[in-house]
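Here is the structure we will look at.
No value in this document is a laboratory result; all are computed from the given coordinates. Because the structure is a prediction, the values reported are computed rather than measured. Cβ: placed from backbone, ideal geometry, glycine included. Neighbour counts: every protein chain shown.
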DNA sequence: TGCAGTGTTGCTTC
DNA sequence: CGAAGCAACACTGC
């Protein structure tokens, strides 16, 4: 999906709804989403009867800890988002029960539905079908997740930790920020936003950043992500919260997808360049190379 | 009609 | 060997 703030928002929304619920069934019309175990019937068999004990986030992964020491990992990739509600199958299409946000066009692409013991459902809407779902033994999954870089919103993420993570790294700062092995959870939107806040050019070589610049990137990273979580994530793409509504980060979005618009700081036209296969948005005047 | 797109991995090229 | 580029996954919206 979407990035750290959107995943965090999804978890916050689900926590109040699905904690302590037990899975009674699963439906899918795109079984390739289930990567582990690969056989969908096997997945269903193993999942049925398991209870959700905890929900948490690591990088952009959503993890449901279940009874019997199992865990589900959901990665929403580009367009996936988890919704909570009730749907009825009518003429081969899932129709949301009741009106409102669940009728949003982006909430139509349901390819996987979990059924709970209270009659409610958790659905994965995913236009591009890149999302993945895996069932793990909790201990094995934890080992896998240890390979990911530090969590920027955790208390232990000090400036020293940040410096350490960037030490000996080569390349352009934006790509380093987006590398999950360096720092967890930052993607294309927030990398651009963070660097605008920090007044650093996205192509600046990491090795050439001085202490003061590193510090402003560190501060901006925490600040931008915290604000985005508070606002419930972005709202210009097809990301939706579990209740189907949009986040409110748009009021804080300064550069991403704002090519040609005026920089909020100096009025210069925002530029878009492409490297590393992705678009970077920035102000060519107040972000220093 | 053509292109760009929130993520990640793995292959190819230099 | 490392860095960088690119394809793959699949589909919609502009």
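Summary of computed values
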{"read-out": "Prolate/oblate/rounded label for the stretch A:235-279 (Cα gyration tensor, a/c 1.5)", "value": "oblate"}
{"read-out": "P(r), alpha carbons of the stretch A:201-266 - 10 Å bins starting at zero, rounded %", "value": "17, 37, 34, 11, 1"}
{"read-out": "Cα pair distances exceeding 12 angstrom across the stretch A:180-220, given as percent", "value": "60"}
{"read-out": "The stretch A:75-204 - convex hull of alpha carbons, volume per residue in Å³", "value": "177"}
{"read-out": "Cα long-axis angle, helix A:4-18 against chain A (0 to 90 degrees, to the nearest 10)", "value": "30"}
{"read-out": "Solution diffusion estimate, µm²/s, Stokes-Einstein, the stretch A:71-113, Kirkwood Rh from C-alpha pairs, 10 °C, viscosity 1.306 mPa s", "value": "136"}
{"read-out": "Inter-centroid distance (Cα atoms) of the stretch A:57-115 relative to the stretch A:174-199, Å", "value": "27"}
{"read-out": "Computed [θ] at 222 nm, deg cm²/dmol, chain A (DSSP H ≥ 4; -39,500 (n - 2.57); rounded to nearest 500)", "value": "-8000 deg cm²/dmol"}
{"read-out": "Cβ-Cβ FRET estimate between residue A:168 and residue A:32, R0 fixed at 35 Å, reported to 0.05", "value": "0.40"}
{"read-out": "Overall dimensions of the stretch A:1-119 by Cα: Rg and Dmax, Å", "value": "14.0, 38"}
{"read-out": "Per-selection Rg to Rh, the stretch A:131-235 - Cα, Kirkwood hydrodynamic radius", "value": "1.00"}
{"read-out": "Whole-number D in µm²/s for the stretch A:26-95 (Stokes-Einstein; Kirkwood sum over Cα pairs; 25 °C, 0.890 mPa s)", "value": "177"}
{"read-out": "Cβ-derived FRET efficiency at R0 41 Å, residue A:78 paired with residue A:210, nearest 0.05", "value": "0.70"}
{"read-out": "Reference-scaled alpha-carbon Rg (2.2 N^0.38 Å with N residues) for the stretch A:96-155", "value": "1.57"}
{"read-out": "Rounded tilt (10° steps) of A:211-230 against the dominant C-alpha axis of chain A", "value": "30"}
{"read-out": "Max mean-square fluctuation residue, GNM over chain A, Cα-Cα springs under 10 Å, options A:225, A:102, A:141", "value": "A:141"}
{"read-out": "Rg [Å, one decimal], Dmax [Å, integer] - the stretch A:131-186, C-alpha atoms", "value": "13.2, 37"}
{"read-out": "C-alpha long axis of helix A:188-198 to longest principal axis of chain A, angle in °", "value": "30"}
{"read-out": "Equivalent ellipsoid, chain A (semi-axes from 5 times Cα gyration tensor eigenvalues, Å)", "value": "36, 22, 15"}
{"read-out": "Pairwise centroid distance, computed over Cα atoms, of the stretch A:144-173 with the stretch A:216-265, Å", "value": "22"}
